[in-house]
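Single-structure report; data block below.
The values are calculated or read from the model by the stated rules, or taken from the named source; none is laboratory data. All figures in this text were calculated on a predicted structure; none of them were measured in a lab. Please note: Cβ atoms are built from the backbone with ideal geometry, for glycine as well, and neighbour counts cover all protein chains shown. The protein model used for the area step is the full one, side chains on, heavy atoms only, and it has no ligands, DNA or RNA in it. Shrake-Rupley method; radii C 1.70, N 1.55, O 1.52, S 1.80 Å.
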Amino acid sequence: MPLASYIEGMKIQGRLALFSLCSCAISLSAFCQPSGRVLMIGIDGVRPDALQVAETPALDALVANGYASFDAMNDDITISGPGWSAIHCGVRSGKHNVVDNSFDGQNYFQFPGWLERLESLHPEWNTLSVCQWSPINGQIVGNSADVVVNPGSAAGAAQEVVNALENGDPHALFVHLDEPDYAGHSYGFSPSVLPYLESIEEMDAEVGLMVEALVARPMYAEENWLVIVTTDHGGIGTVHGGNSIEERRVFVIASGLGVDTELVAPDTLSVLGVAENCLGAMPRLFFQGNARAVVPESNDFVVGATQDFTVECRVKTTQAADVAMVGNKDWDSGLNPGWVFSFVYPSGPGWKVNVSDGSSRVDLEGPPIADGEWHTLSCTFDRDGVARIYTDGVLSDEQDISGLGSLDVDGRLFFGADALAGYGMEGAVAEVRYWNAVLSAAEIADWHCSELTDLHPSLAALRGYWQLNEGAGDFLEDASGLGHHAVNEGGVWGSDEGLVVWDYGNTPRLVDVPVTALAHMCVTIEEEWGLDGVPLLGTCFPPTPDSCSEDLDGDGAVTVTDLLLVLGAFGQTCTE
Ligand SMILES: [Zn+2]
């Protein structure tokens, strides 16, 4: 059979139909290289801004010969357990279910790590996982890799990898180095903290040893290695786990002989002038980390199963994260009793209100507001009817809440973070108003950009009014006259300033890391796996029609044997 018609006949098999779409001018010799190999290096708790300040020649060399971003995102929970789960499994906590270092609820059966996927597809490949922090192996990798080791030090971990590269035939290696996280917790996660920078420089030396061993492999050029380096989270002060940009911003490097050099910066930036505040210029209380303001317990904020109420506030933020801006609940779960103003999980862009009685929940969604401008957010709770949310005085959503019972927690209110001082926002809150009545749409529209006066039609229903404009100190007056003065716990006073807004929309996410590794190794990413990440370096290219008319086996004729060589190489990475 002539080769061309053989291919014609194969086209009905779907994947081959892609032949005709491929515009990649790739030589067949590239296809016929062995499928790629991956060395993935995870360094715990490295802030990219500190990495850029530190002296890191080994990492610099990888960046200079590869794809890199110092503006990648952990867009989920900035804790090691969920972070390394994203890096291994390619899904966020909504799927792998790990929300902290207890690893409780883990769903690795449905969303296994990348080494496990490789082993199930290619059991003959050699895989190795070396972790200084043993729960990564203990919980995520399990015994899915051929060799699983937990050395007591970063140097010991790197040495394991060097040994494997020098003496073995590894296809995929994962190594975890923990020192910067220790240094950050002890001395501070910051580009200005010397011990933190030194720990990053020590890790760079270990990276250098591993890369040296890698390139010294006799078949290095043919083995098509991709070296991926990343981190699980940043940090602020001596902690992490919150939603600040310092905790969420991470780095990703993917370097190899076939990788084009590319530095991915935030996609666009806009420079805002001083934020427009229709209430005029005044001091503002900024929350960061898990700073918050607390309104003491009062029956005025107890609503049982029947009391109608309305909450309004003004918010200025650039972080559409999984945060508690204003509320009364523990925001660890949307099913915890109470209500909260937050963002659509995990990173907006719209804002939302969640309300639950502990067994059922209702969520109302509004438009994006994390643009560095002030917005008025309002929610009315008609307990035997609907809840309505308004954005800048305009109705955004309504949902039936008549089925919900008590929404009470402990009679306190919180601004900037939740009832347990978690899920802190980064931004300012002002003009919080609490009413024990359902305000009308007209009242909300008319007063969304005015301070309250005696003229407000529902003044008798006002139960609390915190303008948060004192400008200093921790006493936050309740201007309703009812004495529910709030206490500032860590919020910082400032004034509205011009602002640079970065758009991180197109920078890498942690969940992209393992998908990139799998794609490099020519694993077809199946839709049904439900991965959240995407391959940063593209997917494997099918061969071109031209490549199917070459005499590959050198027997002097183009035959089916040659075609089978093409098909065997189908899906290999384009290494041009
Ligand atoms: Zn960590």
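Within the range 209-229, how many residues turn out to be touching a residue at least 12 places away in the same chain (Cβ under 8 Å) and either within 16 Å of the ligand (Cβ to nearest atom) or hydrophobic (A, V, I, L, M, F, W, C) (or both)?
12
Report the residue count in the range 185-214 for those that are assigned to a loop (DSSP other than H, G, I, E, B) and either aliphatic (A, V, I, L, M) or not assigned by TED's automatic domain parsing to the domain that holds N167 (or both).
Adding up the residues that qualify gives 1.
Taking the range 67-88, which residues are more than 16 Å from the ligand (Cβ to nearest atom) and surrounded by 24 or more Cβ atoms within 10 Å (Cβ to Cβ)?
Selection gives A68, S69.
Among the residues of the range 459-498, which ones are surrounded by 17 or more Cβ atoms within 10 Å (Cβ to Cβ) and either touching a helix residue (DSSP H, G or I) at 6+ places or on another chain (Cβ under 7 Å) or in the same structural domain as I228 (by TED's automatic domain parsing) (or both)?
Matches in the range 459-498: R463, G464, H484.
Scan the range 82-113 for residues that are of a type outside the set (G, A, S) and assigned to a helix (DSSP H, G or I) and report the count.
7
Taking the condition of being closer than 26 Å to F109 by Cα, open to solvent by 50 Å² or more (accessible area, probe 1.4 Å) and part of a helix (DSSP H, G or I), how many residues in the range 127-184 meet it?
Going through the range 127-184 one residue at a time, the tally reaches 2.
Tally the residues that are away from the ligand (no atom under 16 Å from the Cβ) and either within 13 Å of F251 (Cα to Cα) or not assigned by TED's automatic domain parsing to the domain that holds D232 (or both), restricting the search to the range 51-65.
5
Condition first: part of a strand (DSSP E or B), within 15 Å of the ligand (Cβ to nearest atom) and either open to solvent by 10 Å² or more (accessible area, probe 1.4 Å) or touching a Phe, Trp or Tyr at 6+ places or on another chain (Cβ under 8 Å) (or both). Now tell me which residues in the range 230-264 satisfy that.
T230, I236, V239, R249, F251
Identify the residue in the range 94-116 that is open to solvent by 10 Å² or more (accessible area, probe 1.4 Å) and within 16 Å of the ligand (Cβ to nearest atom) and, among all such residues, is farthest from N243 (Cα to Cα).
S102
Scan the range 233-243 and give yes if some residue there is in contact with a strand residue (DSSP E or B) (Cβ under 8 Å, 6 or more places away or on another chain), at pLDDT below 95 and farther than 20 Å from D60 by Cα, otherwise no.
yes
Test of understanding: among R249, R217, which residue is assigned by TED's automatic domain parsing to the domain that holds P195 and within 21 Å of L194 (Cα to Cα)?
R249 is the lone residue from the list that is assigned by TED's automatic domain parsing to the domain that holds P195 and within 21 Å of L194 (Cα to Cα).
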